[in-house]
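**Q** Input: one structure, supplied below.
The values are calculated or read from the model by the stated rules, or taken from the named source; none is laboratory data. Just so it is clear, the structure is predicted and the values come from calculations on it, not from any experiment. Counting neighbours? That spans all protein chains shown, and the Cβs are built from the backbone with ideal geometry, glycine included. Calculation scope for accessible area: heavy atoms of the full protein, side chains included, ligands and nucleic acids excluded. Shrake-Rupley method; radii C 1.70, N 1.55, O 1.52, S 1.80 Å.
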Amino acid sequence: SSRKTRIALSRRMARAKPSASASVQYPSATLSASTRATTSRQSIACAALHSYAEERIGEIACLAVHPDYRKQGRAAQLLRYLEQRAGAMGLERLFVLTTQTAHWFLEQGFVPGGIDSLPLARQQGYNPQRRSKVLVKATSS
């Protein structure tokens, strides 16, 4: 049977070790890690790390928490896991594109960046009509 990453709720959540997913192609990047927290019936949180290894930068993408499970530290835990994973992979910086939650990422240590902070493939695919904010953060490798 295939093993899905599970992060136990309550006290066990802090001890859980999400594992990397199989590689999946994403616009000139490789999905290097993904993780999700689940209950027995539903996913309650998820996040992904897309690696642009040649440029030593990673993208935090699809970080989401089910509304019923917010304000309990799950997003921060998923982000910390992906930051550790990025450092272990030799990535020097992370970036996120966001239209809704810039304040939260700023609270997590990200700083504003420009389109020139993105890897070339993402610069070329950047859609200014979305008005996404670019936020960056150095990893601790």
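**Q** How long is the gain from GLN123 to ALA138 if the chain were fully straight, where each residue apart is worth 0.36 nm and the alpha carbon distance is subtracted?
**A** 3.5 nm
**Q** Give a residue-ordered list of calculated ³J(HN,Hα) values for region 44-56 (Karplus: 6.51 cos²θ - 1.76 cosθ + 1.60, θ = phi - 60°; whole Hz; x for Gly, Pro).
**A** Working through the residues one at a time gives 10, 7, 8, 6, 9, 10, 9, 9, 10, 4, 4, 9, 6 Hz.
**Q** Where does the charge balance sit around GLU59 when Lys and Arg score +1, Asp and Glu -1, over other residues with C-beta under 13 Å from its C-beta?
**A** After counting each charged neighbour, the total is +3.
**Q** Can you give the Rg to Rh ratio of region 36-121, both from alpha-carbon atoms, with Rh computed by the Kirkwood formula?
**A** 0.98
**Q** While we're here: Per the Debye formula with a single identical scatterer at each Cα and no solvent contribution, what log10 I(q)/I(0) holds for region 49-95 at q = 0.23 Å⁻¹?
**A** Computed log10 I(q)/I(0) values: -0.76.
**Q** Once phi is turned into θ = phi - 60°, what whole-Hz ³J(HN,Hα) does the Karplus curve with 6.51, -1.76 and 1.60 give for every residue of region 72-82, x standing for Gly and Pro?
**A** 10, x, 5, 4, 4, 5, 5, 4, 4, 4, 5
**Q** Further question on the same structure: Express in Å², to the nearest 10, the accessible area of VAL65 obtained by rolling a 1.4 Å probe over the protein heavy atoms while all chains stay in place.
**A** Ignoring ligands and nucleic acids, VAL65 comes out at about 20 Å².
**Q** For region 101-141, take the convex hull of the Cα atoms, compute a quarter of its surface area, and give me that in nm², please.
**A** The number I arrive at for region 101-141 is 3.4 nm².
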